[in-house]
Structures are given as structure tokens and as C-alpha cells.
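Engineer: One structure coming up, written as C-alpha cells, with questions to follow.
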Amino acid sequence: MKTISFSSSKICKLLFCSLVILFSSCSSEDSKDGNESENPDTVSDALHLAFKTPDWEEYINCEQLDLFPQSINESTSYVSASSASTRETFFFSYPSDSSKIVKAEILSKHKIMEFGSNDEPFQFSQKLPLDRNSIDDTTKRLVSSEGLSTNEYNQLVEVKYLKSEKDYAVFRVKCKYEMTTYLVNSPETTKKVTGTFAFKIRTSKD
């Protein structure tokens, strides 16, 4: 199976070429303290990404985020972006075909992946600063570890059809997740990260 390269050069190209929108749409004024987010057992309908670590938490408003799919393989696409205010970066994969996504099993749990290594639908991976004071320190980054267990999963909560465009069918996908992350410059240091997200995504109409 084809995987997304974890090389720094490709990550930089991806972020520059396909993810420019999020740098402007999820700015500091669009971030709210995680304490203002909804009950952790529910996922807001608002487009967002929320995370909580032992050291800090954020709710990032992504209502202006307009994501377009990138291909992993013939059946799977992904979206990815980075928040300018928090330096959080995510990868989320899903079925490329709209007929497949509408048949997705709601409440099913999928793998958390090593950052940038998504290769099947509904997997999630991310990278984020160790704490609020590390936002500008690139040596202090937590990255997701691959796993699927009681405490490591990305759970699909809802798939809702929104509209049709010329080339795409547009959906809102809501998920909640738990993951184990490790500190890049000190892999023995691990942290649990939990959160939710709701993204507007596009699939092919074929």
C-alpha cells in the first residue's frame, strides 16, 4: 500500500502547496481555550479541531477551512493542514468515492497512525507542540504513534452530505479520537492526546 512520505521535504511541499488556506483561516483569533469546547463525549457540528494533552488544550475554529482531497491510492484520499496559531498539523484519510463514504459504519473505530502515514480510510494522525510555551520551538513536538486499542483510536461519529459541486460531493465528517504521542527529541517521553474534529471534505462523484 502506498503511504504518505514522512520526509521533511515532502511534508513542507504538502503544507505549502495544498494547505495554505488553513494558515489564514485558523489564526490566533479563531482559537479558543479548550475549556470552551463542548462536552468531550459529543462532537460539535461547527467545523473545528480540538486537542487536549496533559499540558494544554485548544479548540481551533476551522469554519473558513476549505479542504481539497489529495490521493493516497485508488480508493483513499486525505486532507491535511496546519494551524498558524498553535502549529498543530493533521492528516485525515477517507474513501475517495462518495458512494463509499455514505455507507461508512458510524461509530466504528479506526487506526491512529504515525504522523503522515495514513493509508486507509478514516485514519488520523497529527503533530503538535509539547505545550503552549513550545509553539515556536520546533524541537519540542509531539507526534502520533500507530495504534488501535481501547485508548488509541479515531472514532467516526457522523457523515453528513452537504452539497454537490461540479467535480465533488461535499460532506461534513465528525470524529473523536484518543492517541499516544511521543516527543520527537525524546521518544521515551509519551503523552496521551484526546480530542474531536469536524471537517468539510470532498469526494468524487464517480
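The values are calculated or read from the model by the stated rules, or taken from the named source; none is laboratory data. These numbers were taken from a predicted model, which means no experiment stands behind them. Ideal geometry is used to build each Cβ from the backbone, glycine not excepted, and the neighbour counts take in all protein chains shown. Ligands, DNA and RNA are excluded from the accessible area calculation, which covers all protein heavy atoms including side chains. Shrake-Rupley method; radii C 1.70, N 1.55, O 1.52, S 1.80 Å.
Engineer: Please report the spacing between the Cα centers of the range 126-157 and the range 94-121 in Å, no decimals.
Structural biologist: The two parts, judged by their Cα centres, are 19 Å apart.
Engineer: Stretch residue 157-residue 191 to full length: gain in nm at 0.36 nm per residue minus the Cα-Cα span?
Structural biologist: Roughly 9.8 nm would be gained on extension.
Engineer: Do you know the relative contact order of the range 48-204, to the nearest whole percent, from alpha carbon pairs under 8 angstrom that are 6+ apart?
Structural biologist: That works out to 24 percent.
Engineer: Send over a whole-number figure in Å² for the accessible area per residue of the range 48-204, probe 1.4 Å.
Structural biologist: On a per-residue basis, the range 48-204 sits at 41 Å².
Engineer: Give me the extension gain from residue 136 to residue 46: residue separation times 0.36 nm, minus the current Cα-Cα distance, reported in nm with one decimal.
Structural biologist: This chain segment gains 29.6 nm when fully extended.
Engineer: Additional query: Given the options 99, 53, 116, identify the residue whose Cα lies farthest towards the positive end of the charge dipole of the range 48-204 (+1 on Cβ of Lys, Arg; -1 on Cβ of Asp, Glu).
Structural biologist: Checking the options against the dipole of the range 48-204, the answer is 99.
Engineer: Label-point separation (nm) for residue 165 and residue 146, each offset 7 Å from Cα along Cα-to-Cβ?
Structural biologist: In this crude spin-label approximation the distance works out to 3.2 nm.
Engineer: If you roll a 1.4 angstrom probe over the protein chains with everything in place, what fraction of the accessible area of the range 48-204 belongs to carbon and sulfur, to the nearest %?
Structural biologist: After summing per-atom areas, the C and S share lands at 45 percent.
Engineer: Can you pull the one-decimal nm distance between simple spin-label points at residue 120 and residue 108, each 7 Å off the Cα toward Cβ?
Structural biologist: 0.9
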